[in-house]
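Worksheet: one structure, shown below.
The values are calculated or read from the model by the stated rules, or taken from the named source; none is laboratory data. Everything numeric here is computed off the predicted structure, so don't read it as measured data. Cβ placement follows ideal geometry from the backbone for every residue including glycine, while neighbour counts extend to all protein chains displayed.
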Amino acid sequence: MPELDAVLMQRMQVQEVQGLMRQIVATARDRFPVVERDNKRLISFSCNDYFGLSQDVRVQQAAVNAIEQYGVGAGASRLITGNHPLYVALESQIARMKHTEAACVFGSGYLANSGVIAALMNKRDLILADKFAHACMIDGAQLSDATFKRFAHNDLAHLERLLKAHRSEFEHCLIVTETVFSMDGDVAPIADIMALAKHYDAWVMSDDAHGLGIVESAATDIQMGTLSKAAGVYGGYICGSRQMIDYMISFARSLTYTTALPPALLASALEAMKIIESEPSHGQIALTHAQQFTTLLGLPPAQSAIVPLVIGDASTAVKASQSLAEAGFLVSAIRPPSVPAGTARLRFTFSAKHEAEHIKQLVECIKRHGWNTSFDPQRLDAAC
Ligand SMILES: *Cc1c(COP(=O)(O)O)cnc(C)c1O
């Protein structure tokens, strides 16, 4: 066997024993929330397409029109070819919705977070991140050379202890968190974090990937979001002051050294954002569906469209996910390192497109297996 393959095989055996192997399974999303896998139709509770906009005819048509007018690829980086007018329109739409001076669209949420943090902070600086902050914020922190520390999840007292102990050793300090946590579905106390930041002369960056259109949060210095979840398309964005955006255009390497998004994606993202702005009921419906689920299971009320059921062991979570698939539901098992060791879970995302009957059947299936009774929110706290 070639040397490369032998080494990789050995590494993967360790993962396999721990139930941590990852695979990509062919799954057609034909008519969301219905998806098709292994010739079987499943109701998906795993898509972040909270309003079903990825298959909204208006959003689809916007892409078709743009392809017919402009073709497919963008040609080069925005800084080389020049800015497509659709970027200007999309960025002003986002800035208007977020009540900020300006916005900047990146290739993806991952590129926005990693590029912006790396561009902003350097080795004389301190980054304080919520323990559950998304991997792409952590990657940005590592790229930046700044000193990086984590505070316990949503724990303001711990955050303040870190600020008190370390703020004065550094030139600048950035606090990073999520508005709605992607694997837990709970929300961050953004206004309180802003108050602390003000007191200790720190900046705050919030990741609103799962909040857009569903949960409103207080403004921060740098508000990041994605166009690939509720908006149903692709791409990421940041918004804030004109000065901050101008700086990022000059210094964020993940903006400069990558090709611009295809015009069709910009056109459909623009249409999707207009729909989110003008039809706020979608977000309310997605949230209500999540709350129906938690009520039926006797869990604490959902704070967002995401609800986890913590199973604990990774292999058990995978088996639970397989049983749900046999019963007709697509629910992913989330395992370490996406979540802390010992907190593997089923993660349910609720959409405006689900029907009450889907949720009822899902709950009955969960109760039959008794997974609801194994749920222990304390375990989440213990894990950090
Ligand atoms: C999905 C996600 C991202 C990345 O966004 P993409 O547009 O998919 O690259 C960033 N942060 C959080 C919290 C996410 O859930």
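Structure summary
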| quantity | calculated |
| --- | --- |
| Test: residue in the range 179-190 that is within 13 Å of the ligand (Cβ to nearest atom), of a type in the set (Gly, Ala, Ser) and within 19 Å of Thr100 (Cβ to Cβ) | yes |
| Selection from the range 213-229 of residues that are within 11 Å of the ligand (Cβ to nearest atom), in a loop (DSSP other than H, G, I, E, B) and aliphatic (A, V, I, L, M) | Leu227 |
| Of all residues making up the range 203-212, the number that are in a strand (DSSP E or B) and acidic (Asp, Glu) | 1 |
| Number of positions in the range 90-106 that are surrounded by fewer than 21 Cβ atoms within 10 Å (Cβ to Cβ) and outside any helix (DSSP H, G or I) | 4 |
| Options Leu174, Leu126; residue that is more than 23 Å from the chain's Cα centre (by Cα) and either within 14 Å of the ligand (Cβ to nearest atom) or within 23 Å of Ala218 (Cβ to Cβ) (or both) | Leu126 |
| Filtered residues of the range 145-162 (kept if touching a strand residue (DSSP E or B) at 6+ places or on another chain (Cβ under 7 Å), away from the ligand (no atom under 16 Å from the Cβ) and under 23 Å from Gln223 (Cβ atoms)) | Ala146, Phe148, Lys149, Phe151, Leu159, Leu162 |
| Subset of the range 315-343 (residues that are crowded, with 23+ Cβ neighbours inside 10 Å, of a type in the set (A, V, I, L, M) and at pLDDT below 95) | Ala317 |
| Residue in the range 230-287 that is farthest from the ligand (Cβ to nearest atom), counting only those that are out of contact with any helix residue (DSSP H, G or I) (no Cβ under 9 Å at 6 or more places or on another chain) and among the aliphatic types (A, V, I, L, M) | Ile285 |
| Qualifying residue in the range 277-286 (condition: more than 30 Å from Pro336 (Cα to Cα) and acidic (Asp, Glu)) | yes |
| Top-ranked residue in the range 55-73 [being among the small types (Gly, Ala, Ser) and buried (at least 22 other Cβ atoms within 10 Å of the Cβ); ranked as nearest to Gln322 (Cα to Cα)] | Ala62 |
| Considering residues of the range 250-263 that are buried (at least 16 other Cβ atoms within 10 Å of the Cβ) and among the β-branched types (Val, Ile, Thr) only, the residue farthest from the chain's Cα centre (by Cα) | Thr256 |
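Quick grid of which residues meet (1) crowded, with 23+ Cβ neighbours inside 10 Å; (2) part of a helix (DSSP H, G or I); (3) more than 15 Å from the chain's Cα centre (by Cα):
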{"site": "Gly232", "(1), (2), (3)": "yes, no, no"}
{"site": "Met244", "(1), (2), (3)": "no, yes, yes"}
{"site": "Leu265", "(1), (2), (3)": "yes, yes, yes"}
{"site": "Ala269", "(1), (2), (3)": "yes, yes, yes"}
{"site": "Ala272", "(1), (2), (3)": "yes, yes, yes"}
{"site": "Leu287", "(1), (2), (3)": "no, yes, yes"}
